[in-house]
Amino acid sequence: QVQLVESGGGLVQAGGSLRLSCAASGRTFSGYVMGWFRQAPGMEREFVAAIRWSGSTAYADSVRGRFTISRDNAKNTVYLQMNSLKPEDTAVYYCAVRLSGGSYDTPRSYDYWGQGTQVTVSS
């Protein structure tokens with residue numbers, strides 16, 4: 001059974017940092033794209049960042065320069081380092097894995113999802 005488990009969310013003041021982790025189990029995800037998305041109340045789920053097996057990365061404009069995605073293929077784990085956090089970054093953050101094709105920044109392209117972790121940034 002495939003499982004993605006996020007951790008590292010919490011409450012932080014504006015300007016602070018958090019590091020999210022997503023541990024994958026049930027199969028190896030080597031060779032596949034892993035991504036982070038977020039969803040604020042009343043909003044659609046939106047792309048945050050993605051990383052290929054090779055290590056190449058992509059970011060949403062709203063987080064580029066503040067967030068860094070990385071992965072440890074040996075541990076089947078992907079990370080999201082979030083710096084200079086803003087109140088508008090408040091959301092539930094989800095990790096996901098894309099097994100086949102499709103746009104890396106589109107939620108429907110991803111096949112498995114974690115349960116999400118809450119990130120709240122106070123002003």
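The values are calculated or read from the model by the stated rules, or taken from the named source; none is laboratory data. Note that this is a predicted model, so its numbers are computed, not measured. Quick reminder, even Gly has a Cβ in these numbers, built from the backbone with ideal geometry, and neighbours come from all protein chains shown. Surface areas here come from the heavy atoms of the whole protein model, side chains and all, with no ligands, DNA or RNA. Shrake-Rupley method; radii C 1.70, N 1.55, O 1.52, S 1.80 Å.
Quick rundown of the values:
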{"item": "Selected residue [open to solvent by less than 30 Å² (accessible area, probe 1.4 Å) and either in contact with a Ser or Thr (Cβ under 7 Å, 6 or more places away or on another chain) or at positive phi (or both)] from Gly16, Gly10", "result": "Gly10"}
{"item": "Residue satisfying condition, being crowded, with 19+ Cβ neighbours inside 10 Å, small (Gly, Ala, Ser), out of contact with any Leu (no Cβ under 9 Å at 6 or more places or on another chain) and in contact (Cβ under 8 Å) with a residue 12 or more places away in the chain, within set Ala58, Ala50", "result": "Ala50"}
{"item": "Residue check, Gly102 open to solvent by 30 Å² or more (accessible area, probe 1.4 Å) and at positive phi", "result": "yes"}
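Residues checked against (1) open to solvent by less than 40 Å² (accessible area, probe 1.4 Å); (2) at positive phi:
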residue: Ala24; (1), (2): yes, no
residue: Phe37; (1), (2): yes, no
residue: Asn76; (1), (2): yes, yes
residue: Gln81; (1), (2): no, no
residue: Ser84; (1), (2): no, yes
residue: Val92; (1), (2): yes, no
